[in-house]
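Just so you know, all these numbers are worked out from the coordinates, no wet-lab data involved. All values derive from a computational prediction rather than experimental measurement.
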Amino acid sequence: MAPRPTGFVLVTAAVAAVAVSPGSAADAGASAAVRVVTHDVPSDPVFERQVRRYWTPERMTATAARFQPTATTGALWNSGGLVARTTGKIFFSVRGRDFLCSAGTVQSANRDVVVTAGHCVKAGRGPWAENWIFVPGYRDGAGPYGGFTARRMFTPDPWSQGGDGDYDVAMVAVAPSYGGHVVDLAGGQRIAFGGPHGRRTLAFGYPSAGGYDGERLAYCGGRPAGDPHEETTGQGLRCDLTRGASGGPWLSGFDAATGTGVITSVSSFKFADDHRTMYGPRFGDAVRRVYQRAQTG
């Protein structure tokens with residue numbers, strides 16, 4: 001039987017060129033042999049100024065405008081709380097083109113860690129992202145804490161070398177902005193590995209198509225379930241968030257009153273024949289190792 005067609009319909013066009021493997025027998029946390037791949041980004045003041053100058057408000061708006069819409073269902077998050085500060089928007093370039101993703105800050109030893117999808121920092125076995133900047137608390141063209149450039153990027157080797165969708169996770173250690181660490185300024189959510197599956201989960205991000213314009217935080221919620229075709233070990237969530245939401249955090253045990261929860265996955269991909277189910281990789285030992293490297297990096 002031919003494999004189902006796959007496609008990163010949630011993500012930037014940069015990832016359309018990535019050949020996505022159908023997934024391995026073990027989930028993203030189960031293989032002790034998985035290596036963490038690190039990419040060091042120039043972090044001197046001159047480089048940071050270049051990235052900040054590159055992402056003018058006009059360029060950010062123009063990048064979002066490329067992904068405009070047909071109607072779809074979904075909901076904007078209007079309740080504030082910590083999640084409205086810790087979730088943010090990523091702007092980056094791949095092969096000279098500009099793209100969007102989402103991400104979330106994580107409680108970490110160095111107070112610098114952001115979690116997102118692997119394809120939001122590296123196009124599978126292709127190049128690493130350039131001009132990468134994270135804007136926590138993004139809303140209507142800006143964020144209250146400014147932008148944070150990348151200083152080190154980390155992905156599991158199966159994503160970096162083979163574009164394996166079961167390992168489509170990345171952690172980024174960002175540089176302090178104006179002397180402040182991102183977690184000190186915006187806060188950070190907890191993260192968990194190897195926990196029980198099927199708990200009610202909310203996925204957050206900045207969708208930029210299908211009736212969304214990428215300017216406001218959106219979410220969907222439900223109980224993740226396995227792929228009925230068993231072509232990925234990730235969990236699927238019934239969700240209509242669209243391109244630009246990729247890399248956004250999935251929060252379990254979520255408290256709507258405070259906007260806090262535990263990050264257990266990130267938005268990764270949808271199968272081309274099922275645009276209503278978003279898949280996220282399981283967080284296990286491999287992702288734990290990526291996190292451990294990032295929070296000490």
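Using every pair of separate Cα atoms, the Kirkwood estimate puts the hydrodynamic radius of segment 181-244 at 14.0 angstrom. The ellipsoid equivalent to the alpha-carbon distribution of segment 243-297 has semi-axes of 22, 18, 10 angstrom, derived from the gyration tensor eigenvalues as √(5λ) and listed largest first.
Could you quote the convex hull projected area for segment 74-157, Cα atoms only and averaged over all directions, in nm²? For segment 74-157, averaging the hull's shadow over all directions gives 6.7 nm².
Shape descriptor for segment 111-253: Rg over Rh equals 0.95 (Cα atoms; Rh from the Kirkwood inverse mean 1/r).
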